[in-house]
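Worksheet: the structure to be examined is printed underneath.
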Amino acid sequence: MTPEIQTFAAGSTWAAACAERLTDALSDAVAANGRATFAGSGGSTPAPIYRLMSETDLDWTAVAVTLVDERNVPETDEQSNARLLKQTLLADRAAVARYVPLYHPAVTVDRAAAMATVALRPEGRLDAVLLGMGEDGHICSMFPDSPTLKTLLSPDLNPAVLGVPAGREGRPPSLERLSINLPYLIQAGRVVLALTGTRKRAVFEEQAAGDPAVTPIAALIAHKVPLEVLWTETAP
């Protein structure tokens with residue numbers, strides 16, 4: 001069943017609702033298990049959410065923070081998702097959280113993915129996940145027509161990070177990337193999909209009816225990922 005799209009008239013209340021759902025899930029996990037793991041996305045949409053999360057009175061020393069995907073570039077690069085995360089989330093009270101990177105220098109993207117898989121394994125499941133969605137319907141680095149798409153969307157594999165090649169003939173992504181796979185999202189505690197703008201709302205509704213084997217949004221729904229969709233017209 002397609003989840004209801006929760007609509008917010010103001011971008012500020014949308015960002016606050018996203019932040020509250022994610023930090024509540026992390027707080028519950030810390031209370032139950034003594035630790036929690038958060039995975040966030042890149043792009044411009046999450047920044048106001050991350051800033052609100054960073055101000056939350058949560059035991060951030062018990063939280064591991066990682067990314068759902070990353071460009072295969074160092075943190076000094078402006079396109080690095082890690083750079084965004086450190087500037088917006090891993091600041092204020094959340095500065096004491098432990099960061100687990102996906103990118104590793106001086107190795108191939110596939111080797112970096114294998115290293116990230118090993119590094120994330122001790123953290124267990126993802127207790128809270130913030131996803132964004134591109135206008136082509138991609139989440140994480142699960143791009144249409146990518147040769148890794150079906151593998152990333154395979155529900156029968158173990159949770160893992162995979163290398164994603166750059167697209168050919170001008171197709172996205174423009175750079176090699178690293179991405180968690182669908183099983184990580186299936187096992188997650190809470191997944192918030194933060195959407196802005198009328199175009200992305202329409203894309204979500206279209207993609208929800210797609211083939212789960214090749215359509216990331218449809219795969220989330222088909223495999224009962226604990227998905228909450230929060231939408232506003234204009235982000236703060």
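The values are calculated or read from the model by the stated rules, or taken from the named source; none is laboratory data. Since we're looking at a predicted model, the values are computed, not measured. Heads up, the Cβs are rebuilt from the backbone with ideal geometry, glycines too, and the neighbour counts pull from every protein chain shown. These accessible areas exclude ligands, DNA and RNA; they are computed on the full protein's heavy atoms, side chains included. Shrake-Rupley method; radii C 1.70, N 1.55, O 1.52, S 1.80 Å.
Once you keep just the Cα pairs under 8 angstrom separated by 6 or more residues, what percentage relative contact order results for the chain?
Relative contact order comes out at 25 percent.
Give a residue-ordered list of calculated ³J(HN,Hα) values for region 202-209 (Karplus: 6.51 cos²θ - 1.76 cosθ + 1.60, θ = phi - 60°; whole Hz; x for Gly, Pro).
5, 4, 4, 5, 5, 5, 4, 9
Using a probe radius of 1.4 Å on heavy atoms only, what accessible surface per residue do you get for the chain? Whole Å² is fine.
44
Highest mean first, what order results for 82-90, 62-70 on Cβ atoms within 10 Å?
62-70, 82-90
Out of 142, 219, 182, whose Cα points farthest toward the positive end of the dipole of region 124-236 (charges: +1 Lys, Arg; -1 Asp, Glu; placed on Cβ)?
182
Over the chain, with every protein chain in place, what whole percent of the accessible area is carbon and sulfur at 1.4 Å, could you tell me?
The C+S portion of the solvent-accessible surface of the chain is 49 percent.
Which of these values of percent of Cα pairs over 33 Å apart was calculated from the structure shown: (i) 18; (ii) 9; (iii) 14?
Looking at percent of Cα pairs over 33 Å apart for this model, the match is (ii).
What ranking of 180, 5 comes out by heavy-atom accessible area, probe 1.4 Å, highest first?
5, 180
Please compute the contact order of region 95-146 in relative form: average sequence separation of alpha-carbon pairs under 8 Å and at least six residues apart, divided by the residue count, as a percent.
Dividing the mean separation by the residue count of region 95-146 yields 20 percent.
So who's got an amide H within less than 5 Å of the one on residue 189, skipping anything under 5 residues away but keeping other chains? H placed 1.01 Å off N, in plane.
126, 127, 128
Alpha carbons only, please: Rg and Dmax for region 108-236, in angstrom.
Calculated on Cα positions, Rg and Dmax stand at 14.4, 40 Å.
Enumerate the lysines that residue 200 could reach by cross-link, defined here as Cα to Cα under 24 Å, with residues fewer than 8 away along the same chain left out.
Straight-line reach from residue 200, under 24 Å: 150, 224.
Using the Cβ atoms and a cut-off under 10 Å, what net charge is assigned to the surroundings of residue 64, where Lys and Arg are +1 and Asp and Glu are -1?
0
Once you list every other residue whose beta carbon is under 11 Å from the beta carbon of residue 89, what net charge do they have if Lys and Arg are +1 and Asp and Glu are -1?
Net local charge, residue 89 excluded: +1.
Would you kindly derive the ³J(HN,Hα) couplings of region 71-81 from the backbone phi angles with the Karplus curve 6.51 cos²θ - 1.76 cosθ + 1.60 (θ = phi - 60°), listing them in order in whole Hz, with x for Gly and Pro?
Result, rounded to whole Hz: 6, 7, 9, x, 5, 6, 6, 5, 8, 6, 5.
HN-Hα J couplings of region 219-236 from phi, Karplus 6.51/-1.76/1.60, θ = phi - 60°, integer Hz, Gly and Pro as x?
Computed from phi, the couplings for region 219-236 are 5, 4, 6, 4, 9, 6, 4, x, 9, 10, 9, 10, 10, 9, 5, 10, 5, x Hz.
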